[in-house]
There are 2 protein chains.
Amino acid sequence: MGIRIHDVAARAGVSVATASRALSGQRGVRAENREKVLLAARELDYEPNSLAAALRSRTTHTVGMLVPRISNPFFATLVEAVENRLQLGRRSLLLTSSHYDPEAEQSQVRALLDRRVDALVMIPCHRERSIEVMTTAAARVPVVQLDLRVNGFAGTWVGVDGEAGIAAVVHHLAGRGVTRTAFVGAEPTDSSSQERLDAYRRLAGGSVLLGDFSRDWGKEAAGRLLEAGSLPEGIVCGNDTIALGMLAELARRGVRVPEDVRVTGFDDIPYAELGQPSLTTVRQPQEQMAAEAVRVLAARLAGEEAPAQRIAISPSLVVRASG
Amino acid sequence: MGIRIHDVAARAGVSVATASRALSGQRGVRAENREKVLLAARELDYEPNSLAAALRSRTTHTVGMLVPRISNPFFATLVEAVENRLQLGRRSLLLTSSHYDPEAEQSQVRALLDRRVDALVMIPCHRERSIEVMTTAAARVPVVQLDLRVNGFAGTWVGVDGEAGIAAVVHHLAGRGVTRTAFVGAEPTDSSSQERLDAYRRLAGGSVLLGDFSRDWGKEAAGRLLEAGSLPEGIVCGNDTIALGMLAELARRGVRVPEDVRVTGFDDIPYAELGQPSLTTVRQPQEQMAAEAVRVLAARLAGEEAPAQRIAISPSLVVRASG
DNA sequence: CTGAAAGCGCTAACAC
DNA sequence: GTGTTAGCGCTTTCAG
């Protein structure tokens, strides 16, 4: 095969141990020798075999990430932010998706563990059924739950304060004189939908329609609200995807937004701004969430002992035309 | 640490060699022994160390993927499709992004190679400046270029036939009586923008505005076209993101689409349908592209010799309200 | 069909 | 500071 550390050491005229130390930037190597090693490595175009290093040192400098669906723009943004943060720490990202299937989730996590990831960033797909994966994973490596959270699992979670987000929306609508509202969300199979739904019920309490986090459901719900007779003054959607579907269908049926009804979303995905009208929504600070998640893991990997925490970042309301 | 293959072999009453063969599903093991090994592995909850296996066997069952930007919904969809295909073949995905920076691209690919990926799926960020990465990468492992392609690099590419896509759009517009058009695209720093621009010039030849593949540019271009005086009858956008920005800005300025001007996109990202009006665009069959890319790599890994190919999949026109 | 033994390329103990 | 040596846990000859 290619060049091995042995060759580099030979060329530099030192032992492999010294070469290894120099290459990995440890101190305890005479400056002169370090230079010689680095030079030899460059001259030989040495490519370290990180597999061998990982096998011996028991660290892969790789973090696994599991998301329900990569193409969901909200998750994709989170993946990007996590990857960016990992790059800064010279770690790599092993990415996999569960497709919202707890069984697949289990086997994907298993594959990540077989690959000896140092840590795991997980967006668990199910509020309850993901508990087993989380538990077995957390028994092996540091794990942080991102965005979504598993009921009854006592591990660190980093996400947004959903209740605060809904509160901001309700408050904002109230400030515009809107009191009669409806909530169009998703069946609470994950912690976000649960939290938003609970918050809405506690803070506003109009009628509630539950489906899934999809545009199609947003459209369907629009139809149902219209067919039910009197439209509410405000429609609080569980996320932006639903809200965009809602907006499209309302427009198609000639309902004016915000004149006839105000509509709000949640997440502030990139296309929220492009809705017609542009969407008033709750912004999740994804960069910050990802940074926090990676920071927590890095600290744990650096040997820091820390109890499980709930890191709830406050979202901000983005007021645009729709609400 | 945990259970090693040694323990499994001992429990099954066979040698580690036999255990290894049974676990990896090789034939040449007596059925009875295979059962015993599998049973022992299950009972002990054996987790194979794929690092050690990879070091010895020189295969990681891991594929690296490099994209310019993960959060771009078009690339995210591609990433998802590639990951799905890899899962089917029990391979993992090591994902990284270049942020459209050829230097970062270089170092990211290097990191992937250090991790001994079996193969690489690359969306090179630059039409010309990415040639060096591609060459060095291709010298080490099978590589396929996905979507974008590097000038003068003779490696396999899987993508869409951009010219055919533009032709479909131009033809469609012509069928609606639209002859005076403009093209709003991106500076041709990558092969797609180049190809679409060239195709437009060859097939239609109205005025051309070049920026980048962003909503903001779409908005700005809308302004420029309006300020230039007479609006064309049709605006062919280089991708959907530009088109959505265009649509938003035209609406803001009171220009009606498609009555006053027809607008088309390219890619058919998920939100194309949600534009107001919904966007007529060219659909890229991303599932198929990803499947093809992974298929090509798998074949190469299986030892199949094949010359570099250009696999151009025909896109389809999706006619919606805007055009 | 099975087992013994030799490494894959590196890092970490342990001596010096 | 530096070198020697012993593995990390697995797969793969090579004999039998």
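The values are calculated or read from the model by the stated rules, or taken from the named source; none is laboratory data. This one's a predicted model, so the numbers in the text were calculated from it and none came from an experiment. Reconstructed Cβ throughout: ideal geometry from the backbone, glycine too, with neighbour counts over all protein chains shown. Only protein heavy atoms, including side chains, enter the accessible area calculation; ligands, DNA and RNA are left aside. Shrake-Rupley method; radii C 1.70, N 1.55, O 1.52, S 1.80 Å.
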(request) Determine Rg/Rh for the stretch B:132-201; Rg is computed over alpha-carbon atoms and Rh is the Kirkwood hydrodynamic estimate from the same atoms. (result) 1.13
(request) Compute the FRET efficiency between B:GLN288 and B:SER207 as 1/(1 + (r/R0)^6), taking r as their Cβ-Cβ distance and R0 = 30 Å, and round to the nearest 0.05. (result) 0.30
(message) If R₀ is 45 angstrom, what is the calculated FRET efficiency for the pair A:GLU187 and B:HIS171, using the beta carbon separation as r and rounding to 0.05?
(response) 0.50
(request) Compute the label-point distances linking B:ARG310 to its equivalents in the other copies; points lie 7 Å from Cα along Cα→Cβ; give nm, one decimal, shortest first. (result) 5.8
(request) Provide, in order from the shortest bin, the percent of all Cα-Cα pairs of the protein assembly as shown in each 10 Å bin, continuing until the bin that contains the maximum pair distance. (result) 3, 14, 22, 24, 19, 11, 5, 1, 0
(message) Once the label point is set 7 Å along the Cα-to-beta-carbon vector, what list of distances in nm do you get between B:GLU47 and its counterparts in the other copies?
(response) 2.9
(request) Please turn the phi angles of the stretch B:256-263 into ³J(HN,Hα) values with the Karplus equation 6.51 cos²θ - 1.76 cosθ + 1.60 (θ = phi - 60°), one per residue in order, whole Hz, x for glycine and proline. (result) 8, 10, x, 4, 7, 7, 9, 10
(request) Please return the longest stretch of chain A lacking exposed loop sites, where GluC sites (Glu not before Pro) count only if DSSP places them in a loop and at most 13 other Cβ atoms lie within 10 Å. (result) A:1-258
(request) Could you run the Karplus curve 6.51 cos²θ - 1.76 cosθ + 1.60 with θ = phi - 60° over the stretch A:170-180 and give me ³J(HN,Hα) per residue in whole Hz, x for Gly and Pro? (result) 4, 4, 4, 5, 4, x, 9, x, 8, 10, 8
(request) Choose one of A:GLY234, A:ALA221, A:LEU250: the residue whose Cα lies farthest towards the positive end of the charge dipole of the stretch A:200-250 (beta-carbon charges +1 Lys, Arg; -1 Asp, Glu; about the Cα centre). (result) A:GLY234
(request) Towards the positive end of the charge dipole of the protein assembly as shown, with charges on Cβ (+1 Lys, Arg; -1 Asp, Glu), say which of B:LEU23, B:VAL8, B:ALA290 has the farthest Cα. (result) B:VAL8
(request) For B:VAL263, enumerate residues with amide H under 5 Å from its amide H, sequence gap 5+ or separate chain, H modeled in the peptide plane. (result) B:ILE235, B:GLY323
(request) Report the charge-dipole magnitude of chain B in Debye, nearest 20, computed about the Cα centre from +1 at each Lys and Arg Cβ and -1 at each Asp and Glu Cβ. (result) 920
(request) Find the percent of Cα-Cα distances in the stretch A:176-323 that exceed 27 Å, and round it to a whole number. (result) 26
(message) Only Cα pairs within less than 10 Å get springs; with that Gaussian network setup on chain A, which residue of A:ALA40, A:ALA54, A:ALA182 has the largest fluctuation?
(response) A:ALA40
(request) Note down the nm distance, to one decimal, between modelled labels 7 Å out along Cα→Cβ at B:ARG27 and at B:ILE131. (result) 4.9
(request) With a 1.4 Å probe on protein heavy atoms only, work out how much accessible surface B and A bury together, total over both chains, in Å² to the nearest 100. (result) 5000
(request) Might you work out the accessible area of B:ARG30 for me, using a 1.4 Å probe with all protein chains in place, and round it to the nearest 10 Å²? (result) 150
(request) Work out, step by step, the length gained on full extension between A:ILE313 and A:LEU231: first 0.36 nm times the residue separation, then minus their alpha carbon distance; give nm to one decimal. (result) 26.2 nm
(request) With springs only between Cα atoms under 10 Å apart, run a GNM on chain A and tell me which of A:ASN49, A:ASN72, A:ASN33 wobbles the most. (result) A:ASN33
(message) With n ≥ 4 as the cut-off for DSSP H runs, can you work out [θ] at 222 nm for chain A, using -39500 (n - 2.57) per run divided by the number of residues, rounded to the nearest 500?
(response) -14000 deg cm²/dmol
(request) Name the residue, out of A:ASP216, A:ASP118, A:ASP268, whose mean-square fluctuation peaks in a Gaussian network model built on chain A with Cα pairs under 10 Å. (result) A:ASP216
(request) Name the long-range amide H neighbours of B:VAL318: under 5 Å, sequence gap of 5 or more, or other chain; modelled H, no Pro or chain starts. (result) B:THR281, B:VAL282, B:ARG283
(request) Using the Cα centre as the reference, give the magnitude of the dipole from point charges on the C-beta atoms of the stretch B:92-215 (Lys, Arg: +1; Asp, Glu: -1; all else neutral), rounded to the nearest 20 debye. (result) 300
(message) Run the label-point distances for B:GLY254 please: 7 Å along Cα to Cβ, every other copy, nanometres, shortest first.
(response) 2.4
